[in-house]
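Below is one structure, written out as structure tokens, with a few remarks after it.
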Amino acid sequence: MSDQQVALITGAASGIGLAVTEALSAAGRTVVLADVNTEAGETAARRLGGTFVQADLSKGEGCKSLAETVLNKFGRCDILVNNAGIQHVAPIEDFPEEKWDFIINLMLTAPFLLSKYFWPAMRKRGWGRIVNINSAHGLRASEFKVAYISAKHGLAGLTKTAALEGGPQGITVNSICPAYVRTPLVDNQIEAQAATHGIPREEVISNIMLKKAAVKKLIEPSEVGELVVYLCSDSAACITGSMLTIDCGWTAG
């Protein structure tokens with residue numbers, strides 16, 4: 001079996017997940033793409049010479065099956081990038097309970113379960129990298145995003161706790177906290193915010209998304225991918241438990 005490192009990226013069929021997968025593949029890692037979107041995931045996997053696994057990570061059995069598939073095929077998982085996520089915008093009083101359960105399961109419980117399942121393999125090798133794609137909303141709150149923000153704040157706690165446990169075992173765990181990245185998910189948020197506030201798309205971007213940013217631009221997915229590659233290198237061995245921002249200065253104030 002090759003000694004090439006194996007990287008699993010969830011939500012890898014598009015957006016940040018795809019950019020992270022492309023960056024890790026270019027850096028020489030064997031990539032495994034997990035997503036519910038089979039067509040886009042398989043297309044990306046073929047292009048990158050990786051492996052696609054269809055997985056519904058909102059369910060515990062989906063997380064377990066994904067971990068078993070990766071470990072059975074490769075015997076290892078050196079890098080885990082927990083990226084899969086979704087957004088729903090609504091006031092608390094109108095927020096659907098089933099949406100709360102789905103978002104918490106997908107964006108907080110799944111990263112915990114996948115970390116748990118791959119931890120023994122990383123510990124055995126004395127080397128592992130877990131990168132949780134968090135958000136500036138893991139550090140700050142905004143109205144109408146109660147489930148998303150609760151999940152991201154919980155992910156920060158998971159990151160820090162896992163980092164403390166993983167340090168003596170050669171496993172680092174970090175969160176990347178971007179502000180608004182130019183992805184399909186953000187495009188959907190623009191539409192939802194426009195409907196919620198009753199304003200045009202352009203005003204959502206300038207008056208809501210970029211209002212608190214020092215650098216007035218949407219972040220490119222590739223910028224996140226490049227930071228993931230660095231965190232997964234030996235040069236970043238002393239970075240763990242960190243909440244690294246790529247937020248155009250959004251949380252500086």
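Points to keep in mind about this one:
- Residues of segment 181-200 that turn out to be among the acidic types (Asp, Glu) and crowded, with 18+ Cβ neighbours inside 10 Å, as a count: 0
- Exactly one residue out of Glu223, Glu203 is out of contact with any Pro (no Cβ under 9 Å at 6 or more places or on another chain), part of a helix (DSSP H, G or I), surrounded by fewer than 18 Cβ atoms within 10 Å (Cβ to Cβ) and at pLDDT 90 or above, and it is Glu203.
- Some residue of segment 6-20 being of a type in the set (Ser, Thr, Tyr) and touching a residue at least 60 places away in the same chain (Cβ under 8 Å): yes
- Of all residues in segment 47-64 being among the basic types (Lys, Arg) and part of a helix (DSSP H, G or I), the one that is farthest from Leu113 (Cα to Cα): Arg47
- Remark: pairs (first residue in segment 135-152, without any contact (Cβ under 8 Å) to a residue 60 or more places away in the chain; second residue assigned to a loop (DSSP other than H, G, I, E, B) and polar (S, T, N, Q); Cβ separation under 8 Å; 6+ apart in sequence or on different chains) = Lys145/Gln87; Ile149/Ser142; Lys152/Asn134; Lys152/Ser135.
- Just one of the numbered conditions (1) crowded, with 17+ Cβ neighbours inside 10 Å; (2) more than 19 Å from Leu33 (Cα to Cα); (3) touching a Pro at 6+ places or on another chain (Cβ under 9 Å); (4) not acidic (Asp, Glu) is not true of Ala90: (1).
- Only residues that are in contact with a Gly (Cβ under 9 Å, 6 or more places away or on another chain) and either of a type in the set (Lys, Arg) or in a loop (DSSP other than H, G, I, E, B) (or both) were counted in segment 70-85, giving 5.
- Selection of segment 122-136 for residues being assigned to a helix (DSSP H, G or I) and more than 21 Å from the chain's Cα centre (by Cα) yields Arg123, Lys124, Arg125.
- When Ala44, Ala67, Ala90 are screened for being in a loop (DSSP other than H, G, I, E, B) and touching a residue at least 24 places away in the same chain (Cβ under 8 Å), only Ala90 passes.
- Flag for Leu57 being crowded, with 17+ Cβ neighbours inside 10 Å, at pLDDT 95 or above, under 24 Å from Gly166 (Cα atoms) and out of contact with any Phe, Trp or Tyr (no Cβ under 6 Å at 6 or more places or on another chain): yes
- In segment 224-240, the residues that are among the charged types (D, E, K, R) and touching a residue at least 40 places away in the same chain (Cβ under 8 Å): Glu226
- Boolean, His153 is closer than 17 Å to Thr245 by Cα and touching a Phe, Trp or Tyr at 6+ places or on another chain (Cβ under 8 Å): no
- Note on segment 230-241: residues that are surrounded by fewer than 20 Cβ atoms within 10 Å (Cβ to Cβ) and either under 20 Å from Gly17 (Cα atoms) or in contact with a His (Cβ under 9 Å, 6 or more places away or on another chain) (or both) total 2.
The values are calculated or read from the model by the stated rules, or taken from the named source; none is laboratory data. On a predicted model such as this, the values are computed, not experimentally measured, just so you know. Backbone-built Cβ (ideal geometry, glycine too); neighbour counts: all protein chains shown.
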